[in-house]
1. Take the residues in segment 50-82 that are among the β-branched types (Val, Ile, Thr) and over 18 Å from ILE122 (Cβ atoms), then tell me which one is modelled with the highest pLDDT.
2. Answer with yes or no whether ILE91 is open to solvent by 20 Å² or more (accessible area, probe 1.4 Å) and either within 17 Å of GLY345 (Cβ to Cβ) or in a loop (DSSP other than H, G, I, E, B) (or both).
3. Is it the case that some residue within segment 130-139 is farther than 15 Å from LEU350 by Cβ and touching a helix residue (DSSP H, G or I) at 6+ places or on another chain (Cβ under 7 Å)?
4. Looking at LEU260, LEU232, LEU221 in this structure, which one is at pLDDT 80 or above, under 24 Å from GLY184 (Cβ atoms) and surrounded by 12 or more Cβ atoms within 10 Å (Cβ to Cβ)?
5. Can you tell me which residue among LEU392, LEU320, LEU342, LEU364 is closer than 24 Å to GLY85 by Cα, of a type outside the set (Val, Ile, Thr) and part of a helix (DSSP H, G or I)?
6. Hey, could you check segment 96-111 for residues that are open to solvent by 20 Å² or more (accessible area, probe 1.4 Å) and under 23 Å from VAL404 (Cβ atoms) and say which is farthest from the chain's Cα centre (by Cα)?
7. With the requirement that a residue be open to solvent by less than 30 Å² (accessible area, probe 1.4 Å) and either within 18 Å of PHE88 (Cβ to Cβ) or under 24 Å from the mean Cα position of the chain (by Cα) (or both), what does segment 377-398 give you?
8. Across segment 349-391, what is the number of residues that are small (Gly, Ala, Ser) and within 19 Å of LEU66 (Cα to Cα)?
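The values are calculated or read from the model by the stated rules, or taken from the named source; none is laboratory data. These numbers were taken from a predicted model, which means no experiment stands behind them. Virtual Cβ from ideal backbone geometry, glycine too; neighbours counted across all protein chains shown. For accessibility, only protein heavy atoms count, side chains too; no ligands or nucleic acids. Shrake-Rupley method; radii C 1.70, N 1.55, O 1.52, S 1.80 Å.
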Amino acid sequence: MSLAGPRLDRPSAIGDEGRARAASLWLASLIVVAIVGVVGFEIGEPSLLPTLGPIVGLAVAGVGLLERDGFVSLVVAHALLMTFGTAFALIVLAAPFVARAGIAASGCALALAGIGAAWADIGGDGLGTAAAGSVISYASMLCSLVVLGFLTAVVYFGWAVLTSITGFSTPVASVTGFLLIVAGTAGVVRLSMRWLPIRQVTPRDRRPAIERRLTAARRRLLYTAVGSIGVLIGFGALGLAGVDTTVTSVPVLAWLLSSLSSPLLVWPLVAVGAASLLAGAVAVLLRRLTRDDAAQTTRRTAVAVVGVGLSLPLLFGLALIIAGTGVAIGPILLGLGLVVALGLGPIAFLLVVGGGAVGVGLGLLPARATGPAVAATGLVVAAIGVGRANPLVVFACIAGAILVWDSATFGLGLTAELGHLPDTRRLELFHGTVAVAVAIGAVVIVTGLEVLRAGFFAGGGTAGGAVVVALGALLLLFPVRG
């Protein structure tokens with residue numbers, strides 16, 4: 001029973017029609033997890049596996065959920081892509097620039113992502129969908145940021161204007177502010193009446209009467225706005241003529257005019273205008289979102305929800321940077337972290353996932369075995385990151401890469417020939433046992449040769465190392481079956 005969000009064990013959540021058989025994938029997964037754990041200890045980061053595991057797993061789940069059509073599933077998918085997916089991409093791209101151990105961490109992240117993609121049956125099409133989804137979510141977030149920034153500025157200046165109006169004490173200034181609010185409220189309500197579907201939700205037999213009432217109401221609102229502006233111009237002329245002093249000399253009249261700027265009169269008018277504008281904007285947005293068919297509407301609405309939700313922390317980060325300038329370094333660092341993660345993370349995710357989709361399209365990555373190929377590549381990158389610090393770990397990474405590729409592609413072949421119904425566990429376990437035995441033997445032999453080369457044939461230099469690597473590669477190719 002899931003606690004929150006869509007269940008990932010449903011067939012519609014993660015596809016299994018073209019996925020490798022489970023026993024082969026479990027063997028490949030155990031190899032990847034074991035090697036990532038060993039590499040983490042080797043580079044001095046024992047928490048590498050528990051740190052990368054949830055990030056990569058949730059990023060892969062986001063890509064897999066893009067195949068579903070439910071609104072909740074799509075919202076969760078885009079949210080995972082824009083958070084954990086971007087964190088995964090930043091690790092892959094930025095870690096190699098931090099230190100040499102970062103190359104190993106990047107390779108481990110790729111290996112975990114590849115084996116996760118193999119379980120989720122994510123190929124080139126899935127990567128392309130994820131890349132397109134990240135672009136739309138990123139654009140939605142930026143647009144929402146601009147809109148929220150504009151609304152924040154409008155609210156700020158509106159609040160400043162309203163507080164100054166309610167603070168007026170002279171009669172002419174009080175009347176001027178009140179007439180401005182009346183004119184603005186009348187104009188906003190009249191505009192929102194054009195946006196709201198009042199006539200459409202009215203029963204058909206009552207629509208003519210409602211139409212007449214709406215026409216009369218719009219006419220009166222127009223007269224109110226124009227009349228308020230006219231009276232405002234007249235009061236301005238009287239103020240320039242010095243009538244303010246004459247009005248002030250009449251205490252009752254001065255008190256009545258000054259009371260027009262009272263919060264008891266101003267704030268209800270402002271509330272009516274703000275509620276009308278908000279209702280009209282929501283009606284326009286819903287009309288735009290529901291213009292196309294249901295599937296496109298659901299996806300578009302999900303993207304909009306995620307974009308608006310993520311624009312809030314991005315706007316908060318920008319506000320922290322602006323407010324903390326010259327005051328404190330802590331808020332500035334927090335704001336920079338939010339801005340970098342949400343501003344550059346989606347671009348990094350697009351580069352990583354889009355690069356994988358392009359690689360599949362160009363034939364650099366196999367379409368049916370994209371996940372195993374990425375996992376094997378990640379283990380090779382991890383071997384490069386470990387370097388010559390520990391030859392045994394390097395050879396284990398290379399052997400693991402070949403084992404993962406061999407086991408996963410063997411399971412894919414069984415799926416293509418037999419499907420998922422026949423019980424092939426014994427065949428898969430036999431093949432895996434032989435492949436693991438050959439790989440362990442090859443690693444032991446090559447490690448022994450490396451010890452001999454370093455101890456007795458140290459003068460061989462690079463040539464000796466190349467001979468050892470070539471021999472190890474030949475030994476490791478024995479378990480591979482076409």
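1. Per the criteria, the residue is THR51.
2. In short, yes.
3. No; the residues of segment 130-139 include none that is farther than 15 Å from LEU350 by Cβ and touching a helix residue (DSSP H, G or I) at 6+ places or on another chain (Cβ under 7 Å).
4. Working: LEU260 fails: at pLDDT 80 or above; LEU232 fails: at pLDDT 80 or above.
None of the others qualify; the one that does is LEU221.
5. None of the others qualify; the one that does is LEU342.
6. Here is the first cut: in segment 96-111, the ones open to solvent by 20 Å² or more (accessible area, probe 1.4 Å) are 96-101, 103, 110.
Now narrow it down to the ones that are under 23 Å from VAL404 (Cβ atoms): 96, 101, 103, 110.
Working: PRO96: 23, ALA101: 27, ILE103: 25, LEU110: 19 Å.
Only one residue tops the list, namely ALA101.
7. Across segment 377-398, the qualifying residues are GLY378, LEU379, ALA382, GLY385.
8. Number of matching residues: 6.
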